[in-house]
Amino acid sequence: MTSPLKRARFVSLDSSHLVNLARGLYAPDAATRTAALALMEVLTTGNDILVLSFHHFQELLVYGDARVVAEQVRVLEALPLVALVTNQRGDGVAGSIFELQVAEVLAAFRSPNATPRMVRDAVARGIFRLTSGAEAVRVFQRELPLLQPEFVRMAARSREIVAIAQSDFTGVAHRKISEFLSGKLRAPLDIQRHISRLGAALESDIQQHGDQKIPDKTAVSAAFMADIAERGRALAGSDNPGLQILAWSDVDRDEITPDTTIGEVSDWAAFRTKLKQMNGALNLPWQELKRSVSENRIPSGIIDRALKRFRPRSAEWKGSDLIDTHLACLASYCDITFMDKRTHEGLQVARRKMKDLDSVLRRVEKAKNMRVVIERLTR
């Protein structure tokens, strides 16, 4: 016998859609208010449940206009039921990409032969917690005076991370790492000149393309290059600088093949830095963990890799791209995920070129306004 009950759908809206919803409900234009009310009705009386993560609140509550922030809070409070990304701490705060990835890593580690889709299905069973919109907002409202400065700091850091990550200032990502494993250090003066050239290239990229909200672009490149120089000085006593760099990157020599590129090692190092942070919550045997759980075994890792490769580059490298990537990772677990135009386009291109992406991605949509959101939800 077929059940007459419809399964609830988990829906993630882009932060811009939530802002437009709040604005629309208080807009002087009747047509805009009507569209906003229609979307609220879908989210309050239908089988669609709005999914909220820490990153939604991170963007919504740092909005510059206090009136708009208050409107957004009232909208969320009015929702009788929302789904929060599970936070293992149990403090009521919506979980972030960190909690999502911790769950994925644990599932992948426990089942070494699991495919990314199997990892997704295991995590999906407990990734959301149902509560009221009022309860979801209450924790953030209570701590808002403390949280807003932290959100501002996080937004500033995101701009710097994106500006550095988008730049190919070294120009060596395509080269084979084997070329460097038996090499010797340059002479000190030559090292200084080389670092100066790299710093100039990075600064030029950040000045030209970095997020316009970065107050001092020169300082961003200078601080990053100072860290590079400090690491270089630490190599002075090493017999094999290349192997020392691999050790710092948590990459073992036997993982390297003749075709392994510097870019690949850099990607491994970046993921293992995050993996080590996650293991602080998991406390798993490190050597076994780093060998058994790679970025391409977890759904969020596959989505992140897809966007790095295929999201269209923009003239300005905005810090919001980082949060857009975090929110895109919900597309493995939500029935419908709305996202910005560039992120959506990147995933659509990647779907045709990366066979593992389609196995973990559910329905993704873009919508220029609330009317299109409603059309997508009700079609």
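Read-outs: derived from the displayed coordinates by stated rules, not from any lab. Note that this is a predicted model, so its numbers are computed, not measured. Cβ: placed from backbone, ideal geometry, glycine included. Neighbour counts: every protein chain shown.
With the convex hull of the Cα atoms taken as the outline of segment 51-111, the averaged projected area works out to 5.0 nm². The overall shape of segment 82-127 is prolate: from the C-alpha gyration tensor, with semi-axes ordered a ≥ b ≥ c, the ratio a/c is 1.5 or greater and a/b exceeds b/c.
Solvent-free Debye calculation, one equal scatterer per alpha-carbon of segment 228-379: log10 I(q)/I(0) at 0.09, 0.14 Å⁻¹ equals -0.40, -0.84. Working from Cα pairs under 8 Å separated by at least six residues, relative contact order for the chain is 22 percent. For the chain, complete DSSP H runs whose alpha carbons reach 15 Å or more along their own long axis and whose mean Kyte-Doolittle score is 0.5 or higher are 30-45, 97-110. Were the residues from residue 375 through residue 47 laid out at 0.36 nm apart, the gain over their Cα-Cα distance would be 116.6 nm. Think of each Lys and Arg Cβ as +1 and each Asp and Glu Cβ as -1; about the Cα centre, that makes the dipole of the chain roughly 740 debye. With the alpha-carbon atoms of segment 164-274 aligned to their principal axes, the span from lowest to highest coordinate is 43, 31, 22 Å, starting with the largest. Ordering 53, 244, 279 by Cα displacement along the dipole of the chain toward the positive end leaves 53 in first place; charges were set at the Cβ atoms of Lys, Arg (+1) and Asp, Glu (-1).
Close amide H partners of residue 365, meaning residues 5 or more places away or on another chain with modelled amide H under 5 Å apart, are 337, 338, 339. Take every pair of alpha-carbon atoms less than 8 Å apart whose residues are at least six positions apart; their mean separation over the length of segment 1-159 yields a relative contact order of 23 percent.
Rounded to the nearest 20, the size of the Cβ-charge dipole of segment 128-283 about its Cα centre is 340 debye, with Lys and Arg at +1 and Asp and Glu at -1. For the residue pairs 276/353; 318/355; 290/318; 176/308; 308/341, the alpha carbons lie more than 25 Å apart in 276/353; 318/355; 290/318. Note on residue 247 and residue 132: the model spin-label points, each 7 Å out from Cα along the C-beta direction, lie 5.8 nm apart. Residues of segment 155-184 with the amide nitrogen closer than 19 Å to a label point 7 Å from the Cα of residue 218, along Cα-to-Cβ, please. Output list for this probe position: 160, 164.
Among rounded, prolate and oblate, which fits segment 121-162 when a ≥ b ≥ c are the square roots of the eigenvalues of its C-alpha gyration tensor, a/c under 1.5 means rounded, and a/b larger than b/c means prolate? Note, shape of segment 121-162 comes out oblate. Segment 315-379 and segment 12-79 have Cα centres lying 19 Å from one another.
Spherically averaged projected area of the convex hull of Cα atoms, the chain: 21.8 nm².
Considering helices alone, the calculated mean residue ellipticity of the chain at 222 nm is -18500 deg cm²/dmol, with DSSP H runs of length four and up weighted by -39500 (n - 2.57) and normalised per residue.
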